1. When only Cα pairs under 8 Å and 6 or more residues apart are kept, what is the percent relative contact order across the range 183-316?
2. What lysines could a cross-link reach from residue 249, if we take a straight Cα to Cα line under 28 Å and drop same-chain neighbours fewer than 8 places away?
3. Kindly identify the range 112-244 as rounded, prolate or oblate by the Cα gyration tensor criterion: order the square roots of the eigenvalues as a ≥ b ≥ c, call it rounded if a/c is under 1.5, otherwise compare a/b with b/c, prolate if a/b is larger, else oblate.
4. Want the number for residue 166 to residue 65: 0.36 nm per residue separation, take away the alpha-carbon distance, what's left?
5. Quick query: amide H of residue 125 versus all other amide H atoms, modeled in the peptide plane; which residues come in under 5 Å with a sequence gap of 5 or more or a different chain?
6. If neighbour count is taken as other Cβ atoms inside 10 Å, put 92, 285 in order from fewest to most.
7. Suppose every K and R has +1 on its Cβ and every D and E has -1 on its Cβ; what is the size of the dipole of the range 169-280 about the Cα centre, in Debye to the nearest 20?
8. Quick one: grab the alpha carbon gyration tensor of the range 192-333, order the square roots of its eigenvalues as a ≥ b ≥ c, and give me rounded if a/c is under 1.5, else prolate or oblate depending on whether a/b is larger than b/c.
Amino acid sequence: MLILMRPSIASIVSCLAIACLFTTAATAGSPPAGVCDISLVANDNLARFRNIPVRQGAAKPTIIDVATYWAERDDAKAQFWLGSLYFKGKSVAKNHRLAFSWFEKLADNGSSLGLYNTGTMHICGFGTTKNQTKGLELLRKAAFKGDIHAQLKLGILHATGFAAIKDEAIALMWINKAAAAGLPDAQAQLGTMYLYGKGTSQDYAKAASLFKQAAKAGSAAGYHYLGTMTEHGTGVEKNLALSLKLHKKAAETGLRIAQETVSRFYASGIGIQADPMQACQWQLVSLPPQLRQTAKRCASLSPDAMSQAHSWAAAWQPTSQKKFALKNRLNRY
């Protein structure tokens, strides 16, 4: 369950593990949300690979043959590409063990991306025996090489105490490094630490500044937290109309907690005229399809209006968040 904390004194709620939007509480041994995500190639096109030698009369090599040929010759791009396809099951049968083996070769050649992926796969038991100590070691190597995603993940692990010693000071150090390098998710995460005084002194102005930076880069969490601060006038001027606008930016990317907040605004008429249809629609998309019949804010609608709201929710698609340009990390592959 995602845990949101409202910055107003009257409605503040205890935040588990600092990472209110990026993680869940690490209970019963389950990893915080996002910790098991790995980096995969975005483009499956193999046109950028060079041709390979083929004997006369032999069958034309497949794209997997071409990639394997170069990957076996320590071509980092091919190793990353193959690992990604085996992990996703694109163009080949899904095989996490083979994915791990190619990412491991990438790591053995000193790639921070390979270290990040194999470290994550060790922590979560993808394609290899779960070994959180080994996974943490590999993530640290990637982080010390300057990999900002490894730095953020280490911060989250230390913040939650999952697979690492719980230490807010260490969490702050790693998240601050990733945020300073311009990673929007890290900026928003760092903002929550200043907002709630986790690992540092509470500083609403600093939190708001970080959320603004993250939102400017397209971070859904940045929009949502800034909207929450603007709703309550915490560290910024209270502005309900602007708060709704910011929450909607986050909701449109698919952030469910923001969708529920937008629904609440329309249901209560906060800063706007109440709109039962939009209250229903946004609550519907905030819920998994199997739970949409439980949406209480749809109860006041007529059967026809309720049917229209369900149709709208079924067809709704999130907008894409801006992709952060990963210098010297993913683009070269």
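1. Working: 214 pairs, mean separation 18.4, N = 134.
Taking the mean separation of contacting Cα pairs over the length of the range 183-316, I get 14 percent.
2. Result set, ordered by chain and number: 153, 177, 198, 206, 212, 216, 238, 296, 322, 323, 327.
3. Values: a/c = 2.55, a/b = 2.20, b/c = 1.16.
Cα axes put the range 112-244 in the prolate bin.
4. Details: separation 101, 0.36 × 101 = 36.36 nm, distance 4.50 nm.
Going from the current span to full extension adds 31.9 nm.
5. For residue 125, the qualifying residues are 131.
6. Values: 92 16, 285 24.
Listed from fewest to most nearby Cβ atoms, that is 92, 285.
7. Details: 11 positive and 7 negative charges, 37 e Å.
With Lys and Arg at +1 and Asp and Glu at -1, about 180 debye.
8. Numbers: a/c = 2.62, a/b = 1.45, b/c = 1.80.
Since a/c reaches 1.5 but b/c is at least a/b, the shape of the range 192-333 is classed as oblate.
Every number here is computed from the coordinates shown, using simple stated rules; none is lab data. If you're wondering where the values come from, they're calculated on a predicted model, not measured in any experiment. So basically every Cβ, Gly included, is an ideal-geometry build from the backbone, and we count neighbours across all protein chains shown.
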